[in-house]
Amino acid sequence: MKVGQKWSPVEDEVIRRSYESVPTKKIAVALGRSVAGVRNRASMLGVRRERPWTEDDDRALTRMSGIVPDDEIAVSLNRTNGAVVARRRHLKALGAAIRPGRRRGSHG
């Protein structure tokens, strides 16, 4: 693995062209880099994955909010905690009846 080595223009191009559609682990293996390294480099390059929320995702989030801790919701939906919080805020702004989030260890 190329730990601490400078990123080459070729590696940057591979990330730019494939990050949105190829699993990060595959890119990491192909480049001989860590998954975290590829994610960090993609972020530095301004490359993002855009994965829209589906109606099923929204229903699951609405059903679990306030009952299941946000970190568990995030795992079950393959999202980040921040994405879960932001989507809940968005749904609430649209008028959805959605319970407030719950942190691990909080009782409610």
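Provide a single number: the residues in region 80-97 that are modelled with pLDDT of 85 or more and surrounded by 11 or more Cβ atoms within 10 Å (Cβ to Cβ).
Step one: filter region 80-97 for residues modelled with pLDDT of 85 or more, giving 81-97.
Remaining after also requiring surrounded by 11 or more Cβ atoms within 10 Å (Cβ to Cβ): 81, 83-92, 96.
Number satisfying all stated conditions: 12.
Out of region 11-37, which residues are of a type in the set (A, V, I, L, M) and either within 14 Å of the chain's Cα centre (by Cα) or in the same structural domain as Asn78 (by TED's automatic domain parsing) (or both)? Walk me through it before giving the result.
Filtering region 11-37 for residues of a type in the set (A, V, I, L, M) gives 14-15, 22, 27-31, 35-36.
Within region 11-37, Val35, Ala36 qualify.
Is it true that some residue in region 65-76 is of a type in the set (A, V, I, L, M, F, W, C) and more than 15 Å from Arg102 (Cβ to Cβ)? Walk me through how you get there before you give the answer.
So the first thing to find is which residues in region 65-76 are of a type in the set (A, V, I, L, M, F, W, C), and the list is 67-68, 73-75.
Still in the list and also more than 15 Å from Arg102 (Cβ to Cβ): none.
No.
Just a yes or no: is a residue in region 94-106 without any contact (Cβ under 8 Å) to a residue 60 or more places away in the chain and in a helix (DSSP H, G or I)?
First pass over region 94-106, keeping only residues without any contact (Cβ under 8 Å) to a residue 60 or more places away in the chain: 94-106.
Next cut, in a helix (DSSP H, G or I) only: none.
No - not one qualifying residue is present in region 94-106.
The values are calculated or read from the model by the stated rules, or taken from the named source; none is laboratory data. Owing to the predicted nature of the structure, the values given are computational and were not obtained by experimental measurement. Ideal geometry is used to build each Cβ from the backbone, glycine not excepted, and the neighbour counts take in all protein chains shown.
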